[in-house]
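Undergrad: This is the structure I have questions about; it appears just below.
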Amino acid sequence: MNTKTFDSSNSHLRIGDVFTPTQWALFAIDEFGIYDKWLKGNRVFDPTMGSGNLLEALIIRGLSDGKRLPDLPTENLFGNELNSSHYRSAIDKFKQKYHLDMTLNFSNQDILNLKSEQYDIVFGNPPWQNFVDLPNHYKDQIKGHFFTYDLVENSQELLLGGSRIDIAALIIQISINDFLLPGGEAFFFIPLSLLLNDGANRGFRTCRIKDVHFSIEKVFDFNDEDVFNVSTRYGLCAFKRDKVNRFPIDYQRLESNTWVGHSAKPIFRVTDPLSIIAEGAESLENFP
């Protein structure tokens, strides 16, 4: 994978680092059938891979399934990471634990500037950090991307309420638009503010990037489960490219260690925060 541009001064940045425990990486793999699709030839790409936990989880699942490492399609695992230390950790881990040289499959670049290459599946955990909290020099470099990928309409939005927009929204938009094949699937661990909070992330909820539409297929809300050891409310979300978003959305919430089914939809405009309705509860659709 080649790059358009790369500012090496950013290679030390640690922006919203939230690493995925193997247990929950395996949960995502099993819930969405990522492992089976990978075995059938799907190419899987993690755009902000950290030390490669999500991609490694596919190998772990295969070995636990009784397969030999040479029988697993490891050549179809691809990843990218901005931080050079995390990137090197990923390269070393795959080399030492699995004797795999992933230098041709893993890149050490900024996903915002990486040359587009499309994959069947994007599987990631993007950095969780508001635009306003990013380093000033980096904000100046990337603010144009928020316009390009339809997250804000003008620079005034980034100066005002839009400064609270999460960089995770931008990573997801870029990943779906530039790195996912038509009709492809994306699975991301996300801060749920993208879906549930009013204000800054409204542009993300248009589910559109330029002429590309995408749908929110399913949401897992971890609720009070301590997965990432952060105060932010978070979850796991499935997206599908080139499909118009439809409501209600299948919304599963972890309650007392059990996934409880709900549905979710905005009350008024499609860009409003999702309201969560318990299964069997009366819909607000006909409420005056």
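The values are calculated or read from the model by the stated rules, or taken from the named source; none is laboratory data. What you are looking at is a predicted structure, and each value in this text was computed from that prediction instead of being measured. Please note: Cβ atoms are built from the backbone with ideal geometry, for glycine as well, and neighbour counts cover all protein chains shown. Protein only, heavy atoms only, side chains kept; ligands, DNA and RNA dropped before computing areas. Shrake-Rupley method; radii C 1.70, N 1.55, O 1.52, S 1.80 Å.
Undergrad: For the pair D133/T232, report the inter-label distance in nm, with labels modelled 7 Å from Cα in the Cβ direction.
TA: Between D133 and T232, the simple spin-label model gives 0.7 nm.
Undergrad: Let me ask another. What FRET efficiency, computed as 1/(1 + (r/R0)^6) with R0 = 25 Å and r the Cβ-Cβ distance, is obtained for D242 and F147, rounded to the nearest 0.05? If you can, show how the numbers build up before the last one.
TA: Details: r = 23 Å, r/R0 = 0.90.
According to the calculation, E is roughly 0.65.
Undergrad: I'd like to check one number: the per residue accessible area of the chain, probe 1.4 Å, reported in Å² as a whole number. Please list the in-between numbers first.
TA: Numbers: 12970 Å² over 288 residues.
On a per-residue basis, the chain sits at 45 Å².
Undergrad: Evaluate the relative contact order of the range 64-144 (contact order divided by residue number), counting alpha-carbon pairs under 8 angstrom at least 6 apart; express in whole percent. Intermediate results must be reported in sequence, preceding the final value.
TA: Working: 44 pairs, mean separation 21.5, N = 81.
That works out to 26 percent.
Undergrad: Could you compute the FRET efficiency for K115 and D36, with r as their C-beta to C-beta distance and R0 at 30 Å, rounded to 0.05? Don't skip to the end; give the middle numbers.
TA: Values: r = 29 Å, r/R0 = 0.98.
Working from the Cβ atoms, E equals 0.55.
Undergrad: Let a ≥ b ≥ c be the square roots of the eigenvalues of the Cα gyration tensor of the chain; is it rounded (a/c under 1.5), or, if not, prolate (a/b larger than b/c) or oblate?
TA: On the way: a/c = 1.76, a/b = 1.21, b/c = 1.46.
Oblate, because a/c is 1.5 or more while a/b does not exceed b/c.
Undergrad: Roughly speaking, what is the centre-to-centre gap between the range 43-114 and the range 232-263 when only Cα atoms are used, to the nearest Å?
TA: A separation of 27 Å, based on Cα centres.
Undergrad: Please list, or write none, the lysines whose alpha carbon is within less than 28 Å of the alpha carbon of K143, excluding same-chain residues fewer than 8 places away.
TA: Straight-line reach from K143, under 28 Å: K4, K115, K210, K240, K243.
Undergrad: Cβ under 11 Å from M102's Cβ, M102 left aside: what net charge do those residues give with Lys, Arg +1 and Asp, Glu -1?
TA: Within the 11 Å Cβ shell, the charges total -2.
Undergrad: Related question: Relative contact order of the chain, please, whole-number percent, based on alpha carbon pairs below 8 angstrom and at least 6 residues apart.
TA: Values: 551 pairs, mean separation 44.6, N = 288.
Reported relative contact order: 15 percent.
Undergrad: Something else now. With the Cα gyration tensor of the range 183-228 giving a ≥ b ≥ c as the square roots of its eigenvalues, does the rule (a/c under 1.5 for rounded; else a/b larger than b/c for prolate; else oblate) give rounded, prolate or oblate? If you can, show how the numbers build up before the last one.
TA: Values: a/c = 2.93, a/b = 1.44, b/c = 2.03.
Taking the square roots of the gyration eigenvalues as a ≥ b ≥ c, the range 183-228 is oblate.
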